[in-house]
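Below: the structure, in structure tokens.
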Amino acid sequence: MFKPSFKPKKTYIDLSAVKKTPVTFDTREGNFPCPACSVWLSEAEKIQNNDFCPRCGYHFAVGALERIYGVCDENSFTELDAGLSSLNPLDFPDYADKLAKAREETILMEAVVTGTAAIGGHNVAIGAMDGRFMMGSMGSVVGEKICRAIERAAEQSLPFIIFCCSGGARMQEGMLSLMQMAKTSAAVGRLHAAGSLYISILTHPTTGGVTASFASLADVIIGEPGALIGFTGPRVIEQTTGQKLPPGFQRAEFLLEHGMLDLIQPRLEMRSLLVRLLNVHQGGNHDQK
Amino acid sequence: MFKPSFKPKKTYIDLSAVKKTPVTFDTREGNFPCPACSVWLSEAEKIQNNDFCPRCGYHFAVGALERIYGVCDENSFTELDAGLSSLNPLDFPDYADKLAKAREETILMEAVVTGTAAIGGHNVAIGAMDGRFMMGSMGSVVGEKICRAIERAAEQSLPFIIFCCSGGARMQEGMLSLMQMAKTSAAVGRLHAAGSLYISILTHPTTGGVTASFASLADVIIGEPGALIGFTGPRVIEQTTGQKLPPGFQRAEFLLEHGMLDLIQPRLEMRSLLVRLLNVHQGGNHDQK
Amino acid sequence: MTRNKFEFESNYRLLESKLAELRDLSVTLNCDFSNEIAKVEKRIAELKAERYRHLTPWEQVLMSRDLERPMTRDFVELLCTDFVEMHGDRLYGDDPAIVGGIAVFEGRVVTVIGHQKGKDTKENIVHNFGMPRPEGYRKAFRLLKQAEKFSRPVITFINTPGADPGVGAEERGEAWAISQLLLGLSQLQVPVISVITGEGGSGGALALTVADRILMFSNAVFSVASPETCASILLRDVKRADEMAAALKLNAVSLKDMGIIDEIIEEPVMEPLLSSQSFTQSLRYSLKKHLDEICGTEIPDLLEMRYQRLRKIGRFHEIQ
Amino acid sequence: MTRNKFEFESNYRLLESKLAELRDLSVTLNCDFSNEIAKVEKRIAELKAERYRHLTPWEQVLMSRDLERPMTRDFVELLCTDFVEMHGDRLYGDDPAIVGGIAVFEGRVVTVIGHQKGKDTKENIVHNFGMPRPEGYRKAFRLLKQAEKFSRPVITFINTPGADPGVGAEERGEAWAISQLLLGLSQLQVPVISVITGEGGSGGALALTVADRILMFSNAVFSVASPETCASILLRDVKRADEMAAALKLNAVSLKDMGIIDEIIEEPVMEPLLSSQSFTQSLRYSLKKHLDEICGTEIPDLLEMRYQRLRKIGRFHEIQ
Ligand SMILES: [Zn+2]
Ligand SMILES: [Zn+2]
């Protein structure tokens, strides 16, 4: 049975340390093409431009902590449930190795980071998934951390905000993984019953079991420009149906047109939108920050 | 102000008298073609065949009382609110004449008959609209009678069953007529809150404000085969959009396919279906009659 | 408002130009009676204003349809701050004929929902001429349930020719979407206030007009069917729509008499609505006054009153 | 079950035909050892039955997908009376991949919802191979809310490869429809019991499997993804699906060990399910027993247990 070889970080994590982590999800060593407009970029150019393509504005994937720090008030984030780590409950081939590699590469314990923070002075429960950690797949730990964050929000009457990014359920944990869909959805049920505001932000890519559970059950669902959002992945659809996919299929703009998103917000303006929503939710009596 | 010149019938109405009324909605003097298969029929042939086309089974329109007697236990129907009659609140041109003519032709006071009855031994509140009375249009009286029937069902915990047949709101009563949509819908809200079973049967034709209010708010929505059901009438759609309507458009079978009906039931088997639904609703402990 | 909306406008334009000719002539002939001319000018203006104040029902129908009238987004901008527009029914699509979201009005967070037409043909196609499809009504329903969750009062702005009369709308259950709103609004556990700002067309308008209070602009209309439809069905002559407009009693004064609306917001005469400070002030004031009243009422009482308000509508004769 | 479903079946068929040859020869040669042959025959039959009793996970996957397995309508016919099927989501369409309605089971009115595949290719196209589109899930949701209104317990029958992986399903919010069911079932104020009767494919199956009790046929499977998908993604070799079937622990025994299902209904060996009286009796008995238990529980307690049942699923390590 796998035991984590290092003590997980608790509470505050230094963002500068995280920034150094190479973003392996969207890039290769040296130069690489922008997935949207195919312009060639270097890692340095990308970082310099706040993880956007300098030519077309494509939103490159960013890590969970960058997400959180990008919208929260300074020094307000406290990580919680950082001590949870995945086991290999089915003794699934290669799973332990993959986990170890993901931990090493991302300096994260799992594909989601959760905790409490303040945004524009409003206390919130917050979480962010990290696509670099095994494609942001949801296993027991992701499901458990999200559930705890939701339950905390319900108990303490806090708004709950989550940045989603996931390839779906983590196959290596079998049905334990699939059941996290039901578990997190049930927790959202309690959150709504408690009257908490729930905002879900769907980033590139959000697919499979995450889209079909907590991610699509929010009061306000925000998409990032160009993000791929759906249940079945586009390649599988193409292979299964033999159909050519329509242009823009499963992109945030397509989802908005089809009624699934409340709005699309560029990453740099995400914080101001969240502040506005939280202000209004509180009764409109707070000044915007 | 119009005053009805004859005392309206109360409680029991003799069906044999009603049967003699010429069905003017779908027929002309002498021979006429079946609207579905164009075979030529006489009124006698039609009546002999229970108001179906002997060739294609087309369901001809029948009067409100025939509807009610067709599904209720013998001698169980008691008409209620029979004393309500329409005024001409807007002094709308020709309205009083049209009302007088409709009354004379149908021996009905208005386009809906309501009351209580038993079906398979189960007490119910029931109503049926009559398309021969000014196209079954809904004015103040139709709205009021339906509201009272619904409220009665809610108060006495009775199932509510209504046969719908309407061209929409009665234009001659202006907004008083349109508001009956909101009034009857609000009454259905109370019916659901009271936990009563509500079954609506959409017959040919059910369109406009009736479809867009109480008719489509039932627990179980049953269509009659071939019935035209919709919001905007097919001629208006064709004129407005210049589009050719797809085959079978707005027919019950089309509505079923598009998810709007629970099921389609031929008229002769309507009673047995209602008995089954009422049996099951009561706990399945009653024998079918 | 410089376009020629009504026939009588050309008469006044004729008078005005004739008067101008007279003035020119008097200058040419060096014959000064400018005082007298000014008086005539003033009198013509007074008569014209008077005429605008007494539009016929059919003229009010035309007025209510004017694309220069402000639409929901204009009212939100005028009256509210912090508007966040929300899209989509989460079922099938986002309907641009209905706009909705949350905003702050006079210190209160409210859910705002209303029809949106375009200002020109191109915009009108985007907004489907303000004719909602089922997904518009279902978006509205979703936002109403959200308002209920967060105990936010609701303001609706009504201006639509009616529900979309298309094949797709029928296929996706236009009638089902409308009735769901009628029932849903009648039971919604938050205060609801509606403002009829332009064309209140049939069931497609009514779907968003089940409310605790209904305000109405003085030249707005609310009708069981368009006068053209009534004329074509009842008189078999669409050209007699003006007669039907009068017969239908579709204007604000008639509807207030019938107890269907609560208050009339007087529109300015010959001035764009939003340019008139007295108009915008009275709109804001009336909205706030009614909102204060209904927000101060316990929800069960409010719902009972909302029910009774509808329940008593209708006129008939009854023999016991 | 005469078709060749598994490789091992041809081995037994070979043995059987060889034995028949031997028997024929013995008759021809007038050399009687029919007693001994009968014993061999019996032994082969025993071994074959034993083999069927111990199918590999991959064989169980194939078994669970067998189109000869009964589907929802068959179970309703077997177990219930007075079935009235209800159609449509009242939003967009009626999905033949999900069947639902009300019926009487052992004296109780229940709402029954389940997947429906076809028995042959033609029927399968009608039923979309049992892969629901959003309208199927939304029909189910509507019927569940109706069950709640009338306090009717719910039985769901699960047998689907998964949700429809098509363009239209994505356009109409497949994920939204599924999550709505997951949340809706977790809060539904009536008892819910699920029976996994065949292929329990991913989220598309889970959507109807949030329940107070979950029963499972012994050769049914329930998996996070199909073994083929796992093999193709994780091993980049779809031919190694059998390895993945074993690794995924997708069969009834493993799932009972994990606490995900409650009871296994033993399938008969080499006999159609509904022909086996012991099978149909134990299905009926188990359903009734569990239904009696959950129907005897107060709803708030039931909902708390339903929540905790899900809440505790997951295995992880925690450092405080
Ligand atoms: Zn680019
Ligand atoms: Zn015929």
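Since every read-out is calculated from the coordinates, none of them should be taken as a lab result. From a predicted model like this one, the values you see are computed outputs, not experimental measurements. Positions of Cβ are backbone-derived with ideal geometry, glycine not excepted, and every protein chain shown enters the neighbour counts.
Summed over all non-identical Cα pairs, the Kirkwood treatment of region C:61-311 gives a radius of 18.1 Å. Among C:93, C:166, C:200, the residue with the largest mean-square fluctuation in a Gaussian network model of chain C, with springs joining Cα atoms closer than 10 Å, is C:166.
As a rough footprinting exposure proxy, the listed residues D:223, B:42, A:76 were ranked by other beta carbons within 10 Å of their own, and the order from fewest upward is B:42, A:76, D:223.
Each peptide in C:102-108, C:274-280 receives the mean, over its residues, of other Cβ atoms within 10 Å, and ordering these scores from highest gives C:102-108, C:274-280. Inter-chain Cβ neighbour count for D:134-140, averaged per residue, equals 2 (cutoff 10 Å, partner chain atoms only). Legend: ranking of residues A:40, D:176 from fewest to most surrounding C-beta atoms inside 10 Å; resulting order A:40, D:176.
The mean count of C-beta atoms from other chains within 10 Å of the C-beta of residues in B:214-226, rounded to a whole number, is 3.
Note on chain C: with a GNM built from Cα contacts shorter than 10 Å, the maximum mean-square fluctuation among C:201, C:296, C:100 falls on C:296.
Each label point was placed 7 Å from the Cα along the Cα-to-Cβ direction; for residue B:44 and residue B:194 their separation is 4.8 nm. 3J(HN,Hα) along region B:83-88, derived from phi through the Karplus expression 6.51 cos²θ - 1.76 cosθ + 1.60 where θ = phi - 60°, amounts to x, 7, 9, 6, 9, 10 Hz, with x in place of Gly and Pro.
Per-residue ellipticity at 222 nm computed for the protein assembly as shown from its helices equals -12500 deg cm²/dmol, with DSSP H segments shorter than 4 residues left out and the rest contributing -39,500 (n - 2.57). Among C:265-271, D:25-31, D:134-140, the peptide with the highest mean count of other Cβ atoms within 10 Å heads the list, and the full ranking is D:134-140, C:265-271, D:25-31. Remark: relative contact order (chain A) = 14 percent; criterion is Cα-Cα distance under 8 angstrom and separation of 6 or more residues. Measuring between alpha carbons in the structure, the pairs from C:5/C:48; C:149/D:139; C:5/C:119; D:18/D:48; B:145/B:183; D:5/D:48 lying more than 18 angstrom apart are C:149/D:139.
For peptide A:137-145, how many partner chain Cβ atoms fall within 10 Å of a residue's Cβ, on average?
Going residue by residue through A:137-145 and averaging, the value is 3.
When D:33, D:141, C:8 are sorted by how many other C-beta atoms sit within 10 angstrom of their C-beta, beginning with the fewest, the order is D:33, C:8, D:141. With pairing defined as another cysteine C-beta under 4.7 Å, the cysteines of chain B that fail it are B:72, B:147, B:164, B:165. With both labels modelled 7 Å from their Cα along Cα-to-Cβ, the residue B:236 to residue B:101 distance reads 2.1 nm. Along region C:285-295 the Karplus relation, 6.51 cos²θ - 1.76 cosθ + 1.60 evaluated at θ = phi - 60°, assigns HN-Hα couplings of 5, 5, 4, 5, 4, 5, 5, 4, 5, 6, 6 Hz to successive residues, with x for each Gly and Pro. Between A:37, A:72, A:165, the GNM of chain A built on Cα springs shorter than 10 angstrom shows A:37 fluctuating the most. Rounded to the nearest 0.05, the FRET efficiency derived from the C-beta distance between residue D:298 and residue D:106 at R0 = 35 Å is 0.95.
For region D:8-54, the residue among D:35, D:11, D:25 whose Cα projects farthest onto the positive side of the dipole built from Cβ charges is D:11. Each other copy places its own label point for residue B:253 at 4.2 nm from this one, sorted shortest first, where the point lies 7 Å along the Cα-to-beta carbon line.
When the Cα positions of C:206, D:125, D:320 are compared along the charge dipole of the protein assembly as shown, D:320 comes out farthest toward the positive end, with charges on each C-beta of Lys, Arg, Asp and Glu.
Treating r as the C-beta distance of residue C:189 and residue C:289 and R0 as 22 Å, the FRET efficiency rounds to 0.50. Between identical copies, the spacing of residue C:24 label points, each set 7 Å from Cα toward the C-beta atom, reads 12.0 nm from nearest to farthest. With contacts taken as Cα pairs under 8 Å and at least 6 residues apart, chain D reaches a relative contact order of 15 percent.
The label point for residue B:157 and the one for residue C:27, both projected 7 Å from the Cα toward the Cβ, are 8.8 nm apart.
Among residues other than residue C:245 with Cβ under 13 Å from its Cβ, the summed charge is -1 (Lys and Arg +1, Asp and Glu -1). Each copy carries a label point for residue D:300 at 7 Å from Cα along the beta-carbon vector; from one copy to the others these points are 1.9 nm apart, nearest first. Peptides D:207-218, A:203-214, A:136-147 ranked from most to least packed by the mean count of surrounding Cβ atoms within 10 Å: A:203-214, A:136-147, D:207-218.
Using the Cβ-Cβ distance between residue A:55 and residue A:245 with R0 = 30 Å, the FRET efficiency computed as 1/(1 + (r/R0)^6) comes to roughly 0.80. What residues of region C:255-271 lie in the reach of a label at residue C:308, counting those whose backbone N is under 18 Å from a point 7 Å from the Cα along Cα→Cβ? The answer is C:259-262.
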